[in-house]
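Undergrad: I have a structure I would like to understand better, so I am pasting it below and will then ask my questions one at a time.
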Amino acid sequence: MNKASIILSDICWTLYYSNTTFDFLDYTIQDPRYIFLRKRYRQPIYRKLNILWYRLTGIDLHRRKAVGFLKGRTKKELLEQAEHFYQEYLIPRQTEEVHKAIGNSPIVLVSGTLDIIAQAIARHIKVSEIHASRLLFDEKGICKGELDDFLLCKSDVLQQYHHFTIFTDNLTDLPLVRAADKAFIVEYGNQERWQRALADSKNSSQITFIHATTARY
């Protein structure tokens with residue numbers, strides 16, 4: 001790729017108004033135990049404890065437990081479900097301003113979402129490479145319900161790309177935004193927080209804010 005052609009993009013709340021991992025799990029899992037887990041997570045105390053544990057250890061226990069409910073499904077089945085999820089759920093939630101800004105350029109997906117979701121997206125828009133959380137399967141193609149998580153590893157891509165434009169909504173992507181030649185940030189009422197974080201950034205004049213038209217959940 002030449003310098004001008006490399007575009008890195010997050011997926012959740014950037015390309016689509018969606019937390020794609022949990023929206024996919026909610027879309028495809030009907031197990032009452034999973035439904036109970038998700039209801040419990042909506043309780044403030046459980047959510048705060050999960051966030052605290054994530055900050056201390058880098059492990060999202062709720063995410064890990066939720067993904068465990070995919071155990072036993074075949075890779076073929078999950079890929080088909082990811083395709084249906086893309087068609088029925090993600091397309092109506094496309095972030096039009098971001099897709100318009102990217103245009104027809106090929107992009108590198110850099111996201112903590114499940115790789116099967118990123119692969120479904122890549123079948124429909126121009127994607128040159130995928131960096132995402134990898135679902136683990138056994139030798140027979142059966143899901144183990146385990147994840148090689150990419151959430152805390154996004155900055156590793158700095159070792160591969162030295163000149164790029166980035167699209168994101170995540171403050172945790174700040175190292176990537178600082179290193180980018182240009183950045184497009186989807187902001188959810190937190191533009192001032194972004195501006196404070198980037199006050200001394202060398203590329204602050206090359207940052208464009210895109211105001212989200214829906215709230216995050």
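The values are calculated or read from the model by the stated rules, or taken from the named source; none is laboratory data. Because the structure is predicted, anything quoted here is derived from the model rather than measured. Cβ sites come from the backbone with ideal geometry, for glycine too, and all protein chains shown count toward neighbours. These area figures cover heavy atoms from the full protein model, side chains too; ligands, DNA and RNA do not enter into them. Shrake-Rupley method; radii C 1.70, N 1.55, O 1.52, S 1.80 Å.
Undergrad: Before we move on, is Leu61 in contact with a helix residue (DSSP H, G or I) (Cβ under 9 Å, 6 or more places away or on another chain) and either surrounded by 11 or more Cβ atoms within 10 Å (Cβ to Cβ) or not acidic (Asp, Glu) (or both)?
TA: Here the answer is yes, as Leu61 does meet what is asked.
Undergrad: Take segment 192-205 and flag every residue that is under 24 Å from Gly103 (Cβ atoms) and modelled with pLDDT of 90 or more.
TA: Trp194
Undergrad: As an exercise: evaluate Gly145 against (1) under 21 Å from Glu96 (Cα atoms); (2) small (Gly, Ala, Ser); (3) surrounded by 17 or more Cβ atoms within 10 Å (Cβ to Cβ) and give the number of the one condition it does not meet.
TA: (1)
Undergrad: Then there is this: Any residue that is free of Cβ contacts under 8 Å to residues at least 40 places away in the same chain and either within 21 Å of Cys143 (Cα to Cα) or among the small types (Gly, Ala, Ser) (or both) - is there at least one of those in segment 96-104?
TA: Yes.
Undergrad: Another question about this same structure. Can you tell me which of Val177, Val186 is within 16 Å of Ile7 (Cα to Cα) and either at pLDDT below 90 or in a helix (DSSP H, G or I) (or both)?
TA: Just one listed residue meets the conditions, Val177.
Undergrad: On to the next question. Starting from segment 127-140, take each residue that is more than 15 Å from Gly112 (Cβ to Cβ) and list its partners that are surrounded by 15 or more Cβ atoms within 10 Å (Cβ to Cβ) and of a type in the set (Lys, Arg), counting only C-beta distances under 9 angstrom and pairs at least six apart or across chains.
TA: Listed by first residue and then by second, the contacts come to Phe137/Lys75.
Undergrad: Which residue out of Lys48, Lys76 is open to solvent by 20 Å² or more (accessible area, probe 1.4 Å) and farther than 30 Å from Asp138 by Cα?
TA: Lys48
Undergrad: Within the bounds of segment 26-42, is there any residue that is touching a strand residue (DSSP E or B) at 6+ places or on another chain (Cβ under 6 Å) and either at pLDDT 95 or above or open to solvent by less than 30 Å² (accessible area, probe 1.4 Å) (or both)?
TA: The answer is no, given that none of the residues of segment 26-42 is touching a strand residue (DSSP E or B) at 6+ places or on another chain (Cβ under 6 Å) and either at pLDDT 95 or above or open to solvent by less than 30 Å² (accessible area, probe 1.4 Å) (or both).
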